[in-house]
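**Student:** Please read through the structure below; I'll follow up with questions.
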Amino acid sequence: MVTIERESGGPLPYEGVWRFTAPAVDASVPRARHAVRDLLARQGVPAADDVVQGLLLIVSELVTNVVRHAALLSPTLAVEVAVGAEWIRVAVEDSHPYRPAAPETDHGRTGGRGLLLVREITREAGGACETERTANGGKVIRAALPLEPRLTRHQVPRQPGFAVTSPPTAPSARGPRAGPRPGRS
């Protein structure tokens, strides 16, 4: 585990980076989801329920993609969970060189929309999603979400003296990525 120091003192109790590996088999999908859920609970990560549910769906979709599409060249996969003071990032890595692209919505298809779903969940939460090549020629897909979901204009509480002139802006593309990455300061 890597701990991240904050300028105002030490890390919050729930901050850190955790990584585990699993075989690229069907049984790893629920195991990865449960491992991430249990980690968040054990560390006391103060994430909103909607964020946790979205994150667990992202883990399921990304691990399922490795199992279905990369297992032949990647018999194992890695899941990394990084938690900062205000965000959480999950990354799923495999050794397969193919970098998937999210397809356009095709209502006639019964599958193949996992990455599209991951990107949509991430976007709606005000986070960021990216795919990168790894040093071994494989890929890693990262999705970062704020611990509290982004408020839309319709969700902002109406209080006396509180005017909403426009929806809040999303964090910059570097916002969620600016969190901890192993080996980087």
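Read-outs: derived from the displayed coordinates by stated rules, not from any lab. Model, not experiment: these values are computed from the prediction. In this analysis, Cβ positions are derived from the backbone assuming ideal geometry, glycine residues included, and neighbour counts consider all displayed protein chains.
**Student:** Let's test the formula: R0 of 35 Å, r as the Cβ-Cβ distance of residue 135 and residue 68. What FRET efficiency results, to the nearest 0.05?
**Tutor:** In this case the efficiency is close to 0.90.
**Student:** Just grab the label-to-label distance for residue 41 and residue 26, each label 7 Å out from Cα along the Cβ direction, in nm (one decimal).
**Tutor:** According to this spin-label approximation, the distance is 2.5 nm.
**Student:** If you keep only loop residues by DSSP, which chymotrypsin sites (Phe, Trp or Tyr not before Pro) in segment 11-99 have at most 13 other Cβ atoms within 10 Å of their Cβ? Each step should come with its number before you reach the end.
**Tutor:** Values: sites: 14, 18, 20, 87, 98; in loops: 14, 98.
Here the sparse-neighbourhood loop sites are 98.
**Student:** Still on this structure, please answer the following. Compute the length gained on full extension between residue 76 and residue 117: take 0.36 nm times their separation in residues and subtract their Cα-Cα distance, giving the result in nm to one decimal.
**Tutor:** Fully extending the segment from residue 76 to residue 117 adds 12.4 nm.
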